[in-house]
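Beneath this line is the structure, given in C-alpha coordinates, with notes to follow.
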Amino acid sequence: MLSAVDAGARVSLAGLIAAPPVFAAGGAEVVDSYDMKAFECGVPSLRAAIELGEVRQLEPGDILLSRSAKVPRRAWVVGENKGRPQVASKDWLIVRSEGFEPAYLRHLLVSNDFHQQARRLAPNAGRAQGSGTAAWSSITVPQPVREQQRRIAGALDTADALRAKRASSLSRYRALPHSLLNDVFGATPQTAFPRVPLAELSAEPVRRGIDLALLDSGRFPVVRAGDVLDDTVDPAHCRYVAHSDEALARSALSDGDIVLARDPGGSGKVGAAIVYPGNAVWFLHARVYRLRIDGLLACPEYVRAILATAWGQQGLLQAWREADPRTRVDRRIEALAIPLPALSLQQVFVERVLAARRLQARMLASSERLDVLLNTLRNLAFRGELPPG
(Lines give C-alpha, C1' and ligand atoms only; values in the text may rest on other atoms or scores of the structure.)
Protein backbone atom coordinates (compact mmCIF):
# COMPACT_ATOMS: atom_id res chain seq x y z
CA MET A 1 0.00 0.00 0.00
CA LEU A 2 1.36 3.43 -0.97
CA SER A 3 2.32 5.70 1.87
CA ALA A 4 1.84 9.43 2.00
CA VAL A 5 4.67 11.42 0.44
CA ASP A 6 7.00 13.10 2.94
CA ALA A 7 9.67 14.66 0.75
CA GLY A 8 11.30 16.55 3.60
CA ALA A 9 13.47 19.58 2.86
CA ARG A 10 14.95 20.26 -0.54
CA VAL A 11 18.72 20.59 -0.60
CA SER A 12 20.73 22.63 -3.08
CA LEU A 13 22.92 20.48 -5.30
CA ALA A 14 25.69 23.08 -5.02
CA GLY A 15 26.16 22.07 -1.40
CA LEU A 16 26.65 18.43 -2.37
CA ILE A 17 29.41 18.90 -4.94
CA ALA A 18 32.72 17.84 -3.42
CA ALA A 19 36.23 18.97 -4.27
CA PRO A 20 38.42 16.08 -3.05
CA PRO A 21 42.20 16.39 -3.26
CA VAL A 22 44.14 15.41 -6.32
CA PHE A 23 45.43 11.87 -5.96
CA ALA A 24 49.21 11.74 -5.58
CA ALA A 25 50.40 8.81 -7.68
CA GLY A 26 52.99 6.58 -6.09
CA GLY A 27 55.00 4.98 -8.86
CA ALA A 28 53.42 1.77 -10.16
CA GLU A 29 50.69 1.71 -7.49
CA VAL A 30 47.51 0.07 -8.79
CA VAL A 31 44.23 1.97 -8.35
CA ASP A 32 40.53 1.45 -9.05
CA SER A 33 39.91 3.98 -11.81
CA TYR A 34 36.37 5.25 -12.34
CA ASP A 35 36.43 6.50 -15.93
CA MET A 36 34.00 6.52 -18.84
CA LYS A 37 35.34 3.31 -20.38
CA ALA A 38 35.00 1.54 -17.05
CA PHE A 39 31.44 2.82 -16.75
CA GLU A 40 30.51 0.88 -19.90
CA CYS A 41 31.64 -2.33 -18.16
CA GLY A 42 29.99 -1.48 -14.84
CA VAL A 43 33.16 -1.93 -12.77
CA PRO A 44 36.19 0.30 -12.20
CA SER A 45 39.29 -0.56 -14.18
CA LEU A 46 42.58 -1.55 -12.59
CA ARG A 47 45.20 0.96 -13.67
CA ALA A 48 48.75 1.85 -12.71
CA ALA A 49 48.51 5.29 -11.12
CA ILE A 50 51.55 6.47 -13.04
CA GLU A 51 49.59 6.01 -16.30
CA LEU A 52 46.83 8.39 -15.24
CA GLY A 53 46.66 12.12 -15.55
CA GLU A 54 45.21 14.30 -12.84
CA VAL A 55 42.61 12.29 -10.93
CA ARG A 56 40.68 12.86 -7.72
CA GLN A 57 40.62 10.70 -4.61
CA LEU A 58 37.21 9.10 -3.98
CA GLU A 59 35.36 7.67 -1.02
CA PRO A 60 32.90 4.74 -1.04
CA GLY A 61 29.38 6.07 -1.56
CA ASP A 62 30.41 9.06 -3.67
CA ILE A 63 28.15 9.66 -6.65
CA LEU A 64 29.87 10.45 -9.95
CA LEU A 65 27.87 12.60 -12.38
CA SER A 66 28.97 12.82 -15.99
CA ARG A 67 30.34 16.23 -16.98
CA SER A 68 30.26 15.36 -20.70
CA ALA A 69 27.62 16.97 -22.88
CA LYS A 70 27.90 13.92 -25.19
CA VAL A 71 26.98 11.41 -22.46
CA PRO A 72 25.16 13.52 -19.86
CA ARG A 73 22.80 10.96 -18.33
CA ARG A 74 25.37 8.94 -16.48
CA ALA A 75 25.75 8.62 -12.74
CA TRP A 76 27.77 6.05 -10.84
CA VAL A 77 27.98 5.13 -7.15
CA VAL A 78 31.52 4.43 -5.94
CA GLY A 79 31.61 0.91 -4.48
CA GLU A 80 33.29 -0.45 -1.38
CA ASN A 81 37.02 -0.03 -1.02
CA LYS A 82 38.89 -3.24 -1.89
CA GLY A 83 42.24 -2.16 -0.51
CA ARG A 84 43.22 0.01 -3.47
CA PRO A 85 42.93 3.79 -3.88
CA GLN A 86 39.72 4.80 -5.67
CA VAL A 87 40.11 7.64 -8.14
CA ALA A 88 37.94 9.47 -10.69
CA SER A 89 38.95 11.02 -13.97
CA LYS A 90 38.01 14.56 -14.97
CA ASP A 91 34.97 13.15 -16.77
CA TRP A 92 33.02 13.19 -13.50
CA LEU A 93 31.50 15.69 -11.12
CA ILE A 94 31.77 14.28 -7.58
CA VAL A 95 28.68 14.47 -5.38
CA ARG A 96 29.03 13.58 -1.71
CA SER A 97 26.65 13.79 1.26
CA GLU A 98 26.17 11.83 4.46
CA GLY A 99 22.50 12.83 4.47
CA PHE A 100 21.59 10.84 1.36
CA GLU A 101 21.46 7.20 0.38
CA PRO A 102 23.85 6.97 -2.61
CA ALA A 103 21.47 4.76 -4.63
CA TYR A 104 18.59 7.19 -4.04
CA LEU A 105 20.65 10.22 -5.06
CA ARG A 106 21.94 8.45 -8.19
CA HIS A 107 18.41 7.88 -9.45
CA LEU A 108 17.58 11.56 -8.95
CA LEU A 109 20.66 12.62 -10.94
CA VAL A 110 19.69 10.56 -14.00
CA SER A 111 16.04 11.64 -14.06
CA ASN A 112 14.70 13.56 -17.04
CA ASP A 113 13.67 16.48 -14.86
CA PHE A 114 17.17 16.86 -13.42
CA HIS A 115 18.74 16.51 -16.87
CA GLN A 116 16.54 19.28 -18.30
CA GLN A 117 17.45 21.63 -15.46
CA ALA A 118 21.15 20.80 -15.80
CA ARG A 119 21.05 21.53 -19.54
CA ARG A 120 19.63 24.97 -18.88
CA LEU A 121 22.59 25.69 -16.60
CA ALA A 122 25.21 24.87 -19.22
CA PRO A 123 27.57 26.46 -20.04
CA ASN A 124 27.24 28.69 -16.96
CA ALA A 125 27.78 25.79 -14.57
CA GLY A 126 30.29 24.23 -16.90
CA ARG A 127 29.91 21.06 -14.84
CA ALA A 128 33.17 22.27 -13.29
CA GLN A 129 34.63 20.29 -10.42
CA GLY A 130 35.07 22.24 -7.25
CA SER A 131 34.71 25.66 -8.88
CA GLY A 132 31.69 27.59 -10.01
CA THR A 133 29.44 25.30 -7.96
CA ALA A 134 27.19 28.23 -7.06
CA ALA A 135 25.67 27.88 -10.52
CA TRP A 136 24.13 24.61 -9.32
CA SER A 137 22.34 26.27 -6.41
CA SER A 138 19.16 26.67 -8.47
CA ILE A 139 18.79 22.89 -8.62
CA THR A 140 17.48 21.29 -5.45
CA VAL A 141 16.80 17.68 -4.59
CA PRO A 142 14.32 16.32 -2.01
CA GLN A 143 15.76 14.85 1.18
CA PRO A 144 13.22 12.60 2.91
CA VAL A 145 14.25 10.58 5.93
CA ARG A 146 16.81 7.85 5.23
CA GLU A 147 14.29 5.01 5.54
CA GLN A 148 12.12 6.56 2.84
CA GLN A 149 15.19 7.11 0.67
CA ARG A 150 16.08 3.43 0.96
CA ARG A 151 12.56 2.32 0.08
CA ILE A 152 12.37 4.67 -2.92
CA ALA A 153 15.82 3.55 -4.12
CA GLY A 154 14.75 -0.10 -3.76
CA ALA A 155 11.67 0.45 -5.95
CA LEU A 156 13.70 2.29 -8.57
CA ASP A 157 16.46 -0.35 -8.49
CA THR A 158 13.84 -3.04 -9.16
CA ALA A 159 12.44 -1.15 -12.16
CA ASP A 160 15.98 -0.49 -13.42
CA ALA A 161 16.91 -4.18 -13.11
CA LEU A 162 13.81 -5.20 -15.09
CA ARG A 163 14.70 -2.70 -17.80
CA ALA A 164 18.30 -3.94 -17.96
CA LYS A 165 17.14 -7.58 -18.13
CA ARG A 166 14.81 -6.79 -21.01
CA ALA A 167 17.57 -4.86 -22.82
CA SER A 168 19.87 -7.88 -22.44
CA SER A 169 17.20 -10.17 -23.90
CA LEU A 170 16.77 -7.81 -26.85
CA SER A 171 20.49 -7.87 -27.60
CA ARG A 172 20.37 -11.67 -27.73
CA TYR A 173 17.42 -11.57 -30.12
CA ARG A 174 19.37 -9.26 -32.43
CA ALA A 175 22.01 -11.98 -32.70
CA LEU A 176 19.41 -14.68 -33.38
CA PRO A 177 19.55 -14.58 -37.22
CA HIS A 178 23.16 -15.81 -37.08
CA SER A 179 22.13 -18.72 -34.84
CA LEU A 180 19.22 -19.54 -37.13
CA LEU A 181 21.60 -19.48 -40.08
CA ASN A 182 23.68 -22.20 -38.44
CA ASP A 183 20.57 -24.12 -37.42
CA VAL A 184 19.11 -24.23 -40.95
CA PHE A 185 22.24 -24.42 -43.10
CA GLY A 186 24.91 -25.82 -40.79
CA ALA A 187 27.91 -24.16 -39.18
CA THR A 188 29.73 -23.52 -42.49
CA PRO A 189 27.19 -22.68 -45.21
CA GLN A 190 29.95 -21.03 -47.26
CA THR A 191 31.39 -24.48 -48.00
CA ALA A 192 28.18 -26.54 -48.01
CA PHE A 193 26.54 -24.99 -51.09
CA PRO A 194 27.65 -23.83 -54.54
CA ARG A 195 28.67 -20.19 -54.70
CA VAL A 196 27.03 -17.70 -57.03
CA PRO A 197 28.21 -14.10 -57.66
CA LEU A 198 25.81 -11.46 -56.37
CA ALA A 199 25.65 -10.03 -59.88
CA GLU A 200 23.86 -13.20 -61.03
CA LEU A 201 21.33 -12.91 -58.19
CA SER A 202 20.61 -9.20 -58.68
CA ALA A 203 17.65 -7.75 -60.53
CA GLU A 204 19.78 -4.73 -61.52
CA PRO A 205 23.30 -3.39 -60.90
CA VAL A 206 24.40 -2.32 -57.43
CA ARG A 207 23.69 1.37 -56.87
CA ARG A 208 25.82 3.77 -54.85
CA GLY A 209 24.41 6.77 -52.97
CA ILE A 210 25.18 10.38 -53.85
CA ASP A 211 27.00 12.93 -51.71
CA LEU A 212 24.57 15.85 -51.36
CA ALA A 213 24.03 18.61 -48.81
CA LEU A 214 21.71 17.40 -46.07
CA LEU A 215 18.93 19.26 -44.28
CA ASP A 216 17.09 18.74 -40.99
CA SER A 217 13.73 18.65 -42.75
CA GLY A 218 12.33 18.26 -46.25
CA ARG A 219 10.43 15.99 -48.62
CA PHE A 220 13.16 13.50 -49.50
CA PRO A 221 14.63 11.44 -46.62
CA VAL A 222 18.11 9.99 -47.04
CA VAL A 223 19.74 6.85 -45.60
CA ARG A 224 23.24 7.61 -44.34
CA ALA A 225 25.96 5.11 -43.38
CA GLY A 226 25.41 5.79 -39.68
CA ASP A 227 21.71 4.90 -39.98
CA VAL A 228 22.40 1.29 -40.98
CA LEU A 229 23.16 -0.29 -37.61
CA ASP A 230 20.17 -2.42 -36.63
CA ASP A 231 17.37 -4.23 -38.46
CA THR A 232 15.81 -1.08 -39.91
CA VAL A 233 16.26 2.63 -40.51
CA ASP A 234 15.13 4.91 -37.71
CA PRO A 235 13.12 7.78 -39.24
CA ALA A 236 13.63 9.85 -36.08
CA HIS A 237 17.29 10.37 -37.01
CA CYS A 238 16.99 10.77 -40.75
CA ARG A 239 18.18 13.77 -42.76
CA TYR A 240 16.82 15.15 -46.02
CA VAL A 241 17.79 16.56 -49.38
CA ALA A 242 16.14 19.61 -50.87
CA HIS A 243 15.18 18.12 -54.21
CA SER A 244 15.16 14.91 -56.19
CA ASP A 245 16.89 14.57 -59.54
CA GLU A 246 17.29 11.68 -61.95
CA ALA A 247 20.59 10.51 -60.45
CA LEU A 248 19.15 10.49 -56.92
CA ALA A 249 15.96 8.77 -58.07
CA ARG A 250 18.02 5.88 -59.41
CA SER A 251 19.14 5.19 -55.84
CA ALA A 252 15.60 5.14 -54.37
CA LEU A 253 14.81 2.16 -52.15
CA SER A 254 12.07 -0.38 -52.72
CA ASP A 255 10.65 -3.08 -50.48
CA GLY A 256 13.18 -5.90 -50.04
CA ASP A 257 16.27 -3.95 -51.13
CA ILE A 258 19.45 -4.71 -49.20
CA VAL A 259 21.19 -1.58 -47.91
CA LEU A 260 24.94 -1.90 -47.36
CA ALA A 261 26.85 0.74 -45.41
CA ARG A 262 30.59 1.16 -45.58
CA ASP A 263 31.88 1.33 -41.98
CA PRO A 264 28.61 2.81 -40.67
CA GLY A 265 29.10 5.36 -37.92
CA GLY A 266 32.59 4.09 -37.15
CA SER A 267 30.97 0.87 -35.91
CA GLY A 268 33.79 -1.35 -37.13
CA LYS A 269 31.32 -3.29 -39.32
CA VAL A 270 32.52 -2.84 -42.87
CA GLY A 271 29.23 -3.87 -44.41
CA ALA A 272 26.37 -3.53 -41.97
CA ALA A 273 23.24 -4.47 -43.86
CA ILE A 274 19.48 -4.20 -43.56
CA VAL A 275 16.61 -5.37 -45.70
CA TYR A 276 14.59 -2.26 -46.43
CA PRO A 277 11.00 -2.62 -45.15
CA GLY A 278 9.53 -0.47 -47.91
CA ASN A 279 7.30 1.69 -45.73
CA ALA A 280 8.46 5.00 -47.24
CA VAL A 281 10.48 6.36 -50.14
CA TRP A 282 14.11 6.83 -49.15
CA PHE A 283 17.24 7.67 -51.08
CA LEU A 284 20.88 6.72 -50.54
CA HIS A 285 23.62 9.03 -49.37
CA ALA A 286 27.35 8.57 -49.99
CA ARG A 287 29.06 5.39 -48.66
CA VAL A 288 25.77 3.51 -48.87
CA TYR A 289 25.01 0.90 -51.53
CA ARG A 290 21.77 -0.73 -52.69
CA LEU A 291 21.63 -4.40 -53.63
CA ARG A 292 18.37 -5.42 -55.32
CA ILE A 293 18.00 -9.21 -55.31
CA ASP A 294 15.81 -11.15 -57.76
CA GLY A 295 13.30 -12.83 -55.43
CA LEU A 296 12.95 -15.80 -57.80
CA LEU A 297 16.62 -16.65 -57.27
CA ALA A 298 17.32 -15.77 -53.63
CA CYS A 299 15.67 -14.32 -50.51
CA PRO A 300 16.99 -10.87 -49.50
CA GLU A 301 16.88 -11.82 -45.80
CA TYR A 302 19.11 -14.82 -46.50
CA VAL A 303 21.59 -12.74 -48.52
CA ARG A 304 21.69 -10.13 -45.76
CA ALA A 305 22.37 -12.81 -43.12
CA ILE A 306 25.23 -14.28 -45.16
CA LEU A 307 26.81 -10.85 -45.64
CA ALA A 308 26.59 -10.24 -41.88
CA THR A 309 28.67 -13.35 -41.04
CA ALA A 310 32.41 -13.08 -40.42
CA TRP A 311 32.93 -14.68 -43.83
CA GLY A 312 30.65 -12.15 -45.55
CA GLN A 313 32.19 -9.22 -43.69
CA GLN A 314 35.64 -10.32 -44.81
CA GLY A 315 34.46 -10.45 -48.42
CA LEU A 316 32.98 -6.95 -48.22
CA LEU A 317 36.12 -5.62 -46.54
CA GLN A 318 38.15 -7.01 -49.41
CA ALA A 319 35.78 -5.30 -51.86
CA TRP A 320 36.33 -1.95 -50.15
CA ARG A 321 40.11 -2.35 -49.97
CA GLU A 322 40.74 -3.65 -53.47
CA ALA A 323 38.51 -1.21 -55.30
CA ASP A 324 40.21 1.36 -57.52
CA PRO A 325 39.07 3.71 -60.33
CA ARG A 326 39.07 0.79 -62.75
CA THR A 327 37.23 -1.68 -60.45
CA ARG A 328 34.74 0.29 -58.39
CA VAL A 329 33.30 -0.88 -55.09
CA ASP A 330 29.90 -1.64 -56.60
CA ARG A 331 31.50 -3.93 -59.18
CA ARG A 332 33.52 -5.62 -56.43
CA ILE A 333 30.35 -6.23 -54.44
CA GLU A 334 28.67 -7.78 -57.49
CA ALA A 335 31.67 -10.09 -57.93
CA LEU A 336 31.36 -11.44 -54.38
CA ALA A 337 30.15 -15.06 -54.66
CA ILE A 338 27.91 -16.28 -51.85
CA PRO A 339 26.71 -19.83 -51.03
CA LEU A 340 23.28 -20.47 -52.52
CA PRO A 341 21.10 -23.21 -50.99
CA ALA A 342 17.74 -24.14 -52.51
CA LEU A 343 15.17 -21.34 -52.47
CA SER A 344 12.80 -23.48 -50.38
CA LEU A 345 15.47 -23.84 -47.69
CA GLN A 346 16.10 -20.10 -47.74
CA GLN A 347 12.38 -19.53 -47.23
CA VAL A 348 12.39 -21.76 -44.14
CA PHE A 349 15.18 -19.60 -42.74
CA VAL A 350 13.31 -16.36 -43.56
CA GLU A 351 10.13 -17.58 -41.87
CA ARG A 352 12.07 -18.27 -38.68
CA VAL A 353 13.81 -14.89 -38.81
CA LEU A 354 10.52 -13.04 -39.28
CA ALA A 355 8.94 -14.97 -36.39
CA ALA A 356 11.88 -13.99 -34.19
CA ARG A 357 11.54 -10.37 -35.29
CA ARG A 358 7.86 -10.32 -34.34
CA LEU A 359 8.75 -11.57 -30.88
CA GLN A 360 11.57 -9.01 -30.71
CA ALA A 361 9.13 -6.24 -31.64
CA ARG A 362 6.84 -7.22 -28.76
CA MET A 363 9.79 -7.29 -26.39
CA LEU A 364 10.94 -3.90 -27.66
CA ALA A 365 7.50 -2.42 -27.01
CA SER A 366 7.58 -3.89 -23.50
CA SER A 367 11.08 -2.50 -22.96
CA GLU A 368 9.96 0.95 -24.06
CA ARG A 369 7.06 0.82 -21.58
CA LEU A 370 9.54 -0.09 -18.83
CA ASP A 371 11.72 2.87 -19.85
CA VAL A 372 8.72 5.19 -19.59
CA LEU A 373 7.80 3.74 -16.20
CA LEU A 374 11.33 4.10 -14.83
CA ASN A 375 11.68 7.66 -16.10
CA THR A 376 8.30 8.58 -14.64
CA LEU A 377 9.23 7.14 -11.24
CA ARG A 378 12.57 8.96 -11.27
CA ASN A 379 10.93 12.26 -12.17
CA LEU A 380 8.41 11.83 -9.35
CA ALA A 381 11.27 11.09 -6.95
CA PHE A 382 13.17 14.19 -8.11
CA ARG A 383 10.08 16.33 -7.50
CA GLY A 384 9.55 14.73 -4.10
CA GLU A 385 6.22 13.25 -5.18
CA LEU A 386 7.04 9.52 -5.24
CA PRO A 387 5.41 7.54 -2.40
CA PRO A 388 8.14 5.59 -0.58
CA GLY A 389 6.14 2.42 -0.02
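For a paramagnetic label modelled on LEU345 (point 7 Å from Cα along Cα→Cβ), amide N atoms under 16 Å away belong, within region 166-205, to 180-196. Of the GluC sites (Glu not before Pro) found in region 287-389, the ones in coil according to DSSP and having at most 12 other Cβ atoms within 10 Å of their Cβ are GLU385. Annotation: peptides 190-203, 88-101, ranked by per-residue average of other Cβ atoms within 10 Å with the highest first, follow the order 88-101, 190-203. Each residue, ARG369 and ALA356, gets one label point 7 Å from its Cα in the Cβ direction; the gap between the two is 2.5 nm.
Probing with 1.4 Å while keeping every protein chain in the model, the per residue accessible area of region 318-389 equals 54 Å². Taking 18 Å as the cut-off, the amide N atoms of region 280-305 that come nearer than this to a point 7 Å along the Cα-to-beta-carbon line of TRP320 belong to 285-291, 304-305. Going by accessible surface with a 1.4 Å probe and the largest first, TYR240, TYR104 read TYR240, TYR104. Each residue of region 169-185 was assigned a 3J(HN,Hα) from its phi angle through the Karplus expression (A = 6.51, B = -1.76, C = 1.60, θ = phi - 60°), giving 5, 5, 5, 5, 5, 5, 8, 5, x, 5, 5, 5, 4, 5, 5, 8, 10 Hz with x at Gly and Pro. Keeping the other protein chains in place, figure out the carbon and sulfur percent of the accessible area of region 282-355, with a 1.4 Å probe. Carbon plus sulfur share of accessible area: 56 percent. Residues of region 89-121 falling in the label zone of ASP216, defined by backbone nitrogen less than 20 Å from a point 7 Å along Cα to beta-carbon, are 116-117, 119-121.
The values are calculated or read from the model by the stated rules, or taken from the named source; none is laboratory data. Keep in mind it's a predicted model, so treat the numbers as computed, not measured. Every residue, glycine as well, gets a Cβ built from its backbone with ideal geometry; the counts of neighbours run over all protein chains shown. Protein only, heavy atoms only, side chains kept; ligands, DNA and RNA dropped before computing areas. Shrake-Rupley method; radii C 1.70, N 1.55, O 1.52, S 1.80 Å.
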